[in-house]
Amino acid sequence: TLQQNSSKGSKAVIKVQALLEFIHQHYTEKLNSTIITKEFDNNYDYLNRIFKELTGYTITKYVNKVRIGHAQELIKATHMSFGEIGYLIGMDDPYYFSKTFKQFTGLSPAQYYKQVRADESSSTIF
């Protein structure tokens, strides 16, 4: 997901690469500016700025993008409640989960569930 940007130094690219890896490994945990600042020993605003320049997303927006992607997979593959799914992807607040899910997909979790279940039943293999 790194955009080609030769004007950015390789140190910034390496930092962002490490941050991407960290997010993908820890998206289920609480991730905030304090944790990221400690983990990367850098000013959060600096990290956020280079991250956005190289990925097109702020750190928070990218974390949510990763979480919602996993939520979509869980909705497709399981019959867990949205509360359980939210908890598993690191979003304990059901309202925040639902609101964020809709921002990324254009659908509420319930609408998404109905859509993927409808798609499943219409594509039955004979």
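The values are calculated or read from the model by the stated rules, or taken from the named source; none is laboratory data. Everything quoted here is computed from the prediction, not taken from an experiment. Cβ: placed from backbone, ideal geometry, glycine included. Neighbour counts: every protein chain shown. Just the protein is used for accessible areas: all its heavy atoms, side chains included, with ligands, DNA and RNA removed. Shrake-Rupley method; radii C 1.70, N 1.55, O 1.52, S 1.80 Å.
Of note:
- Dipole in debye (nearest 20) - the chain, about Cα centre, beta carbon charges: Lys, Arg +1; Asp, Glu -1: 360 debye
- The chain - percent relative contact order, Cα under 8 Å, separation 6 or more: 22 percent
- With DNA, RNA and ligands ignored, accessible area of residue 35 (1.4 Å probe; Å², nearest 10): 60 Å²
- Note on the chain: Lys pairs 8 or more places apart or on different chains, Cα atoms under 17 Å apart, count 17.
- Within the accessible area of the chain (1.4 Å probe), percent carbon and sulfur: 52 percent
- Heavy-atom accessible area per residue - the range 6-62, 1.4 Å, Å²: 61 Å²
- Direction-averaged projected area, Cα convex hull, the chain: 9.3 nm², rounded to one decimal.
- Largest-first ordering by accessible area, 1.4 Å probe, given options 62, 87, 46: 87, 46, 62
- Dipole in debye (nearest 20) - the range 78-126, about Cα centre, beta carbon charges: Lys, Arg +1; Asp, Glu -1: 180 debye
- For the peptides 47-56, 11-20, the ranking by mean Cβ contacts within 10 Å, running from highest to lowest, is 47-56, 11-20.
- Each of 95, 82, 50 was scored by the projection of its Cα onto the charge dipole of the chain, and the greatest displacement toward the positive side belongs to 50; charges sit on the C-beta of Lys, Arg, Asp and Glu.
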